Amino acid sequence: MPFKAVLFAAILLGFCLQANAQTGKPLSLGDERLISSERVLGAQDEVASIPISYNFDQKVGLGHQGNTQYTKIQPYLPYRINANYSYVVQPNITYQSFNNFDGYSSSGLTPIVVQSFFTESNQSHRQNSFGIGPMVQIRTHMPWMFGSAQNGAGYSLGAIHRSEDWIVGMTAYQSFGLGATPTTSLSANNISFRPFVTYITKRYGNFTLDSESLINIDTGLHSYPVNLTGSKLINLGEVPLLFTLGVRYYTVNTMLGGAQGWGGRVGITYAFSN
C-alpha cells in the first residue's frame, strides 16, 4: 500500500476514534448483527459508522498497462428529525493514486459525492426500508482520469428488504452537471446504482455480493464491477471493528482508461452511538 494511502487512512481512523471520545460510545460485541448489516438505511438511528477501505485495480490507462490504489471513506451519519423520520448523510471521499496511467503517475482526491436520505426512524426494526433525498458532487480540479471536472447535483434513493439471515436492496443516485460541460473530462451527468445481497451467518460474520455500477448519460460510457466481500467483527481492546476482505471483477468497463479484470479490497468499519 502506498505510504500516502496508509497515512490518509491512519489519519481518518485516528480522527474518528478521537471524535468518538467526545460524541459517542463504541458499540459492544453484542451489536455485531447491527453493524454487520448494510450501512445505508440499515443501522438504527442512534448508530453512526465510519467505513474505510483500501482498494486495488489493475490494467488502467488506454494501454491497460498501469494500476491504481485508492483509499475510500464513506461515513454513515444518521440524524433523528422526530419520532417518525430521520435524515441520513453519507459522504464518499476517495484519495486515489495512479501508477503508469499511460505514463502518468500521481495521486489526489477524486470528486466528492455526498448522498442523503430522508427515511423512517428505527429502520433496523422494519422488514422494509425506503429513503430518498438530495445529493451533490463536488469537483476537485484533478486531471481527467480522477473523474469529472464538473460539479453536480441530483437525487439519491435506497430500498432494503430484511429477513433473519438475508438483506437485499439497492442504493442509487442520478446527478446532473452544473455549468458548462467540461471539454477535458466527462460530464457529471451520471447514474450510479449499487444492488446488493448480504447473507449474515451465525458464526462467520457476513458475505456480500454487490455491483458499484456507473453510467455517464451523455456518452453512454459505463462500468459494471462486481464485488464479493466477507466481513467479521473483531474486538480490538474495547473497540469493536468490522474487518472486510474481498475481490472485485470488472465484467464491463468502457470508461476511458478504466480498470479491467480483477481487483481487491481491504477495509475496516468503526461504529459508535450517535
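Summary table
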| read-out | value |
| --- | --- |
| Sole residue being more than 30 Å from SER185 (Cα to Cα), over 19 Å from the mean Cα position of the chain (by Cα) and among the β-branched types (Val, Ile, Thr), chosen from VAL239, VAL252 | VAL239 |
| Any hit, region 194-214, residues being at pLDDT 95 or above, among the aromatic types (Phe, Trp, Tyr) and open to solvent by less than 80 Å² (accessible area, probe 1.4 Å) | no |
| Wholly enclosed strands (runs of 3 or more DSSP E) of region 197-247 bearing at least 2 residues in contact (Cβ under 8 Å) with a residue 40 or more places away in the chain | 206-211, 222-236 |
| Given (1) over 19 Å from ASP57 (Cβ atoms); (2) touching a residue at least 12 places away in the same chain (Cβ under 8 Å), index of the condition LEU109 fails | (1) |
| Checklist (1) loosely packed, with under 14 Cβ neighbours inside 10 Å; (2) assigned to a strand (DSSP E or B) applied to THR183, failing item | (2) |
| Criterion violated by ALA172 - all others in (1) of a type in the set (A, V, I, L, M); (2) open to solvent by 40 Å² or more (accessible area, probe 1.4 Å); (3) free of Cβ contacts under 8 Å to residues at least 24 places away in the same chain satisfied | (2) |
| Test: residue in region 232-241 that is under 25 Å from MET135 (Cβ atoms) and open to solvent by less than 60 Å² (accessible area, probe 1.4 Å) | no |
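Yes/no per residue for (1) more than 18 Å from GLY267 (Cβ to Cβ); (2) modelled with pLDDT of 90 or more:
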position: SER37; (1), (2): no, no
position: GLY63; (1), (2): yes, yes
position: ASN67; (1), (2): yes, yes
position: TYR87; (1), (2): yes, yes
position: PRO91; (1), (2): no, yes
position: TYR95; (1), (2): no, yes
position: PHE101; (1), (2): yes, yes
position: LEU109; (1), (2): yes, yes
position: GLY131; (1), (2): yes, yes
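The values are calculated or read from the model by the stated rules, or taken from the named source; none is laboratory data. All figures in this text were calculated on a predicted structure; none of them were measured in a lab. Backbone-built Cβ (ideal geometry, glycine too); neighbour counts: all protein chains shown. These accessible areas exclude ligands, DNA and RNA; they are computed on the full protein's heavy atoms, side chains included. Shrake-Rupley method; radii C 1.70, N 1.55, O 1.52, S 1.80 Å.
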